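Below you'll find the structure, written out as structure tokens, and then a few comments.
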Amino acid sequence: MANISIRVDDALKKQIESICEELGMSLSTATNLFYKKMISYGGIPFELKVDPFYSRENQEHLKKVISNYENDKSAVVTKTLDELESMEE
């Protein structure tokens, strides 16, 4: 058996150990399960993606909206209930 040494945040390790304990397994067993799943899946066995909220385009848009709001350049849009309901269609 090979030994693997990794560094993780103390709080993260405690949370993971607690979950593993509830599942009746050790952290070592959980890690081995993860490795086996990677092999059978052929990669990371879950979706990895960037939160679009933090994209450059969205951050620029938010800064512009905030700036407009702070400079009172934004117009308030008022719609009647009938107008809102017609937008559904």
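The values are calculated or read from the model by the stated rules, or taken from the named source; none is laboratory data. Being a predicted model, the structure only gives us computed values, none of them experimental. As a convention, Cβ positions derive from the backbone with ideal geometry for all residues, glycine included, and neighbour counts pool all protein chains shown.
Structural remarks
- Enumeration of residues in the range 31-89 that are within 30 Å of residue 8 (Cα to Cα) and among the acidic types (Asp, Glu): 47, 51
- Taking the range 41-59 as the range and being among the hydroxyl-bearing types (Ser, Thr, Tyr) and under 20 Å from residue 31 (Cβ atoms) as the test, only 41 passes.
- For the range 39-50, taking the residues that are more than 10 Å from the chain's Cα centre (by Cα) and of a type in the set (A, V, I, L, M, F, W, C), the one that is modelled with the lowest pLDDT is identified as 46.
- Selection of the range 51-65 for residues being surrounded by 11 or more Cβ atoms within 10 Å (Cβ to Cβ) and modelled with pLDDT of 85 or more yields 55, 58, 59, 61, 62, 64.
- Residue match in the range 43-50 (condition: over 28 Å from residue 5 (Cα atoms), out of contact with any Ser or Thr (no Cβ under 9 Å at 6 or more places or on another chain) and loosely packed, with under 10 Cβ neighbours inside 10 Å): no
- Condition check for residue 85: surrounded by 10 or more Cβ atoms within 10 Å (Cβ to Cβ), of a type in the set (Asp, Glu) and touching a Leu at 6+ places or on another chain (Cβ under 9 Å): no
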